[in-house]
1. Taking amide H positions as placed in the peptide plane 1.01 Å from N, state which residues far from TYR135 in sequence (5 or more) or on other chains have amide H under 5 Å from it.
2. Using a 1.4 angstrom probe and counting only protein chains, how large is the accessible area of PHE21 in Å², to 10?
3. For MET132, MET47, write out the residues from largest to smallest accessible area, computed with a 1.4 angstrom probe and no ligands counted.
4. Send over the per residue convex hull volume for segment 96-177, Cα only, as a whole number of Å³.
5. With a point put 7 Å past each Cα toward its Cβ, work out how far LEU32 is from PHE95 in nm, to one decimal.
6. With a Förster radius of 45 Å, plug the Cβ-Cβ distance of ILE115 and THR182 into 1/(1 + (r/R0)^6) and report the FRET value to the nearest 0.05.
7. Please report, to one decimal in angstroms, the Kirkwood hydrodynamic radius of segment 74-118 built from all distinct Cα-Cα pairs.
8. Quick one: grab Rg to one decimal and Dmax as a whole number for the chain, Cα atoms only, in Å.
Amino acid sequence: MKRVCLVALLAGIGMTGQIAFAAALAVRVVGLDGAAVADAAVVADPMAKAIPNKRASAIVEQRDRELIPYLTIVRSGTAIEFPNRDPIKHHLYSFSPAKPFEIKLYAGKPMQPVIFDKPGEVALGCNIHDWMEAYVYVVDSPYFAKTGASGEATLEGIPPGQYQVRLWHPRLKRPLAPRQLTLSDDSHKLDLVLDVAPRIAKVKPPADASQY
C-alpha cells in the first residue's frame, strides 16, 4: 500500500527573526519484488513560478576503470568535471540528445568542465572501455535526491506549495506517473513502486598499464 504520513517539521529561523518554514519529503522506492531500489532520481517539480537558477558544479570521476558515481542528478546549467584518476587514458562521450559531447583520450583533469544546460537523461560511456557506464539526470527543479542502497531518499528545504513528484532510473522499464502533492511546512513520506530492470555486470578484463 502506498502511504503519505505527515509529521511536523520546523525548518529554521530567518535572519529577520521571522520563522521560515519548509517541507521535507522522504521517499522509499522498491521494485516489483519489494526489494529496495538504489540510484533512483526523486524530483519535486514546483507547479507555481520557476525557481531562479544558481551556479552549481558536480564531479563524475573515472577510477579503477569505472565511472563514479553511477547516477548523478544535477539542475540544468550545472558544470560537471570529469577527472581521470587512473594511470591510463580514457575517452569519455555521450550521444544522448540532452547533452552530446566528447572528451578524447586524456589523463588527469580536462581544462574545461561540461555544462549540462538541457533537462533530460544523459548516458555516459568510454570509447576504450566498453563496460564503463554512468548516467547524468538533468532537471529544472532545485529539489531532488537520489535513493541509496536502502531505497530511501529525502528532499529537504522545499517551500510549501504544490508539486509534482516524479521518479527516474537508468534501468527504468515502465515510467511511473508523477504524483501531485501539496506540501506544507511539515514532513511528508511516500512509498513508491518502480519497475526497474536488474543491473547486469559487464565483463571487466584485468588492468594492463601498458594499454589504454
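The values are calculated or read from the model by the stated rules, or taken from the named source; none is laboratory data. The shown structure was predicted, so the numbers you read here are calculated from the model rather than taken from an experiment. Positions of Cβ are generated from backbone atoms using ideal geometry, with glycine treated the same way; all protein chains shown enter the neighbour counts. The area values use the complete protein model at the heavy-atom level, side chains included, leaving out ligands, DNA and RNA. Shrake-Rupley method; radii C 1.70, N 1.55, O 1.52, S 1.80 Å.
1. It is LEU71, THR72, LEU124, by chain and number.
2. Rounded to the nearest 10, the figure is 100 Å².
3. So, going from the largest accessible area down, we get MET47, MET132.
4. For segment 96-177, the hull spanned by Cα atoms encloses 168 Å³ per residue.
5. 2.8
6. 0.85
7. 11.3
8. Spelled out, the Cα radius of gyration and Dmax of the chain are 19.2, 63 Å.
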